[in-house]
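The values are calculated or read from the model by the stated rules, or taken from the named source; none is laboratory data. Keep in mind it's a predicted model, so treat the numbers as computed, not measured. Quick reminder, even Gly has a Cβ in these numbers, built from the backbone with ideal geometry, and neighbours come from all protein chains shown. Surface areas here come from the heavy atoms of the whole protein model, side chains and all, with no ligands, DNA or RNA. Shrake-Rupley method; radii C 1.70, N 1.55, O 1.52, S 1.80 Å.
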Amino acid sequence: MLSAYDRLRPLLRPELAELSAYVPHVPPGVTVKLDANEAPRADSPAVRDAVRCAMESVQLERYPDPRALRLKAALAMRTGARESDLLVGAGSDELIALVVNAFARPRDEATHAVVLSPTPTFVMYAVTSRVHGLESAQVPLDASWDLDVSSMHRAIMQKKPNIVFLASPNNPTGNRMSGDRLEQIVRACADGASPAFTIIDEAYVDYASTNGKSASLRGIRTQHDHVGFLRTLSKIGLAALRIGWLEADAGLVTEIDKTRQPYNLSAISQAVAAAVLESHEAWGEIMGEVTRVIRVRESLAAAIGSLDGFFVMPSAANFLWVKTPRSAQGVVSHLLEDGILVRSFHALGGRLTSQLRITIGTEAESERLMASLRRLYR
């Protein structure tokens, strides 16, 4: 007798057969986890106090605020955005899905809407597009992991995408895209009567700041109204809350919001995030941790770069993009024996065969990492 899966399989999206569920694997024995771009654990009394008070105030028998008004106000206060231009979701992942779902209408004579992005970049742009039945088109970054303007421009003209995703700082390479190249692509996306919705993903932008000054490019929305920005609290120590937001034209936000599930953000996540954002002391401690991570990042980059055969890409994120002298697979296996988990891209082949992404942890975790790498190459 056929199983329910066998009987119902013809009804499933064909794209699903080529995809796998996102289930991160942490091998047994790992004690230093540097693979997921999470912020290291920090001792932040003001943050803990804000979290505790916020959780105590939540009425568990009530649904969350479906409009997340307090959270939007707090985000607007910290970023300078208008509340009407904000849409909040369960991390950037949900917002990517909402945008893809909203912009799924194929252009004239096309069979599928197209989503365009560079590669390598955040994998969920392509995965989410395919899951929703859109075509994912990808253009390789150049030899220095920057945007290839001519190839991107050619893809925009040929593919006529509905959406273009540009991450800066980029994941997994850690670099900010050159401003002039980004500007050229933004302008190319605006050509014609029907522009592409161009989203600049700044998930890691807090780690690109210098001297406390924001590195966000959100100001370009004043010249380019077809551009939106993605941000998140996940990378700066609040990943458990799953809070992300999109800043874009208010009319577009209103339409995209129609695809959102009711009560998509828990009351606890909303209350805690708003409380931390509203507290100058708690927010100051979080930004202090960001500064500490940047300091550790620079020190670790120099240490790894001093090893024979290693090359470290200058990073504007909370991780390092590291080229190893031989296949990254062997380096990962060695580190795992020492209880250290990093992210390898060797399985993708090509120039990614010798690439690692290493999250910035604590000073002690950095020391363990370096001790293990030195044993491998002594």
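At a glance:
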{"item": "Heavy-atom accessible surface of the chain: percent carbon and sulfur, 1.4 Å", "result": "53"}
{"item": "Reach of Lys159 by Cα under 17 Å, taken over aspartates and glutamates that are not fewer than 8 positions away in the same chain", "result": "Asp108, Glu109, Glu135, Asp148, Asp191"}
{"item": "Student exercise, the stretch 219-378 dipole from Lys, Arg, Asp, Glu Cβ charges, in Debye to nearest 20", "result": "720"}
{"item": "FRET E, pair Tyr5, Val26, Förster distance 22 Å, beta-carbon r, rounded to 0.05", "result": "0.20"}
{"item": "Heavy atoms of Arg7: accessible area, 1.4 Å probe, square angstrom to 10", "result": "130"}
{"item": "Accessible area (Å², 1.4 Å probe, nearest 10) - Thr210", "result": "90"}
{"item": "Nonlocal amide H pairs with Thr119, under 5 Å, H built at 1.01 Å", "result": "Val139, Leu141"}
{"item": "CD proxy at 222 nm, helix term only [per DSSP H run n ≥ 4: -39500 (n - 2.57); per residue of the chain; nearest 500]", "result": "-11500 deg cm²/dmol"}
{"item": "Rounded to the nearest 10 Å², the accessible area of Thr111 at probe 1.4 Å", "result": "120"}
{"item": "DSSP beta bridge pairing in the stretch 82-222, given as percent antiparallel to the nearest 5", "result": "5"}
{"item": "Cα-based shape type of the stretch 90-133, given that a ≥ b ≥ c are square roots of the gyration tensor eigenvalues and the cut on a/c is 1.5", "result": "oblate"}
{"item": "Residues of type aspartates and glutamates that Lys235 reaches as a straight line, Cα spacing below 12 Å, ignoring anything fewer than 8 places off in the same chain", "result": "Glu38, Glu202, Asp206, Glu289"}
{"item": "Per residue accessible area in Å² of the chain, where ligands, DNA and RNA are left out and the probe is 1.4 Å", "result": "49"}
{"item": "Cα-only radius of gyration and Dmax that characterise the stretch 1-101, units Å", "result": "20.7, 61"}
{"item": "Accessible area, probe 1.4 Å, largest first, for residues Glu365, Glu202, Glu18", "result": "Glu18, Glu365, Glu202"}
{"item": "Cα gyration tensor shape for the stretch 305-378, rounded if a/c is under 1.5, else prolate or oblate", "result": "rounded"}
{"item": "For Cα Rg over 2.2 N^0.38 Å, calculated from these coordinates, the label among [x] 1.02; [y] 0.95; [z] 1.11", "result": "[x]"}
{"item": "Thr232, Thr291, ranked by accessible area, largest first (probe 1.4 Å)", "result": "Thr291, Thr232"}
{"item": "Heavy-atom accessible area ranking, 1.4 Å probe, most first, across Tyr377, Tyr5", "result": "Tyr5, Tyr377"}
{"item": "Debye intensity ratio in log₁₀ form over the Cα atoms of the stretch 220-378, taken at each q of 0.08, 0.09, 0.21 Å⁻¹", "result": "-0.36, -0.45, -1.25"}
